[in-house]
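The values are calculated or read from the model by the stated rules, or taken from the named source; none is laboratory data. The model shown is predicted, which means the values in this text are computed figures rather than measured ones. Please note: Cβ atoms are built from the backbone with ideal geometry, for glycine as well, and neighbour counts cover all protein chains shown.
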Amino acid sequence: MKKRTRARELTLQFLYQLDLRGEDFLAEAGGFLRAEESERSTREFALHLIRGTAEHRPELDRLIREVAQNWDIERMAVIDRNVLRMATFELMHCSDIPPKVSINEAIELGKRYSTQNSGGFINGVLDKIKDRYTKADDGTEAPSSSNGVSAADA
């Protein structure tokens, strides 16, 4: 398994626990990662994703809510919700990761750890976020959403 794929898997496991146990559990991230992974670079990338997703959670949840029509984020499956949060963090705050990579990795995590239908749901939500809020492949700004929020504002 590739290092970043493994880091995303560990991140999802930790975000799942964080979602269920509360924000105080965030302090346990380093210990969790040391217990689960020996490769330092994998742990560092996972910790970056965990901290970034937790720090930006209100923004990430807002973006997910805006595009996931007829879905209440609190009622989504815990795995799907956290895959979407992590991948949205990557799309919005990790310019070194191509959007296609973030989306494909998220789809695979959803399929592996949630339901077969999760892949399509995750793909649909993340495609909308990518189209509305991230830069196009040619470097130009993506069009703003119907509420006037551009990628720079998000």
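Structure above, values below:
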read-out	value
Residue identified as of a type in the set (Val, Ile, Thr), farther than 20 Å from residue 119 by Cα, surrounded by 15 or more Cβ atoms within 10 Å (Cβ to Cβ) and modelled with pLDDT of 95 or more among 11, 88, 42	42
Boolean, residue 35 is small (Gly, Ala, Ser) and over 24 Å from residue 115 (Cα atoms)	yes
Boolean, residue 64 is closer than 24 Å to residue 133 by Cα, surrounded by 14 or more Cβ atoms within 10 Å (Cβ to Cβ) and in contact with a Phe, Trp or Tyr (Cβ under 6 Å, 6 or more places away or on another chain)	no
Residue among 103, 97, 122 that is of a type outside the set (Gly, Ala, Ser) and either in contact with a Phe, Trp or Tyr (Cβ under 9 Å, 6 or more places away or on another chain) or under 21 Å from residue 18 (Cβ atoms) (or both)	122
Residue 55 being closer than 20 Å to residue 29 by Cα and free of Cβ contacts under 8 Å to residues at least 12 places away in the same chain	yes
Matching residues, region 78-109, being in contact with an Asp or Glu (Cβ under 6 Å, 6 or more places away or on another chain) and not polar (S, T, N, Q)	78, 97
Residue count for region 98-116, restricted to those that are aliphatic (A, V, I, L, M) and either surrounded by fewer than 16 Cβ atoms within 10 Å (Cβ to Cβ) or over 14 Å from the mean Cα position of the chain (by Cα) (or both)	1
Total residues in region 15-26, condition surrounded by 20 or more Cβ atoms within 10 Å (Cβ to Cβ) and within 11 Å of residue 79 (Cα to Cα)	1
Tally, over region 110-129, of residues that are of a type outside the set (D, E, K, R) and over 13 Å from residue 77 (Cα atoms)	6
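Table: residues versus (1) modelled with pLDDT under 95; (2) acidic (Asp, Glu); (3) within 27 Å of residue 132 (Cβ to Cβ).
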position	(1), (2), (3)
23	yes, yes, no
28	no, yes, no
92	no, no, yes
110	no, no, yes
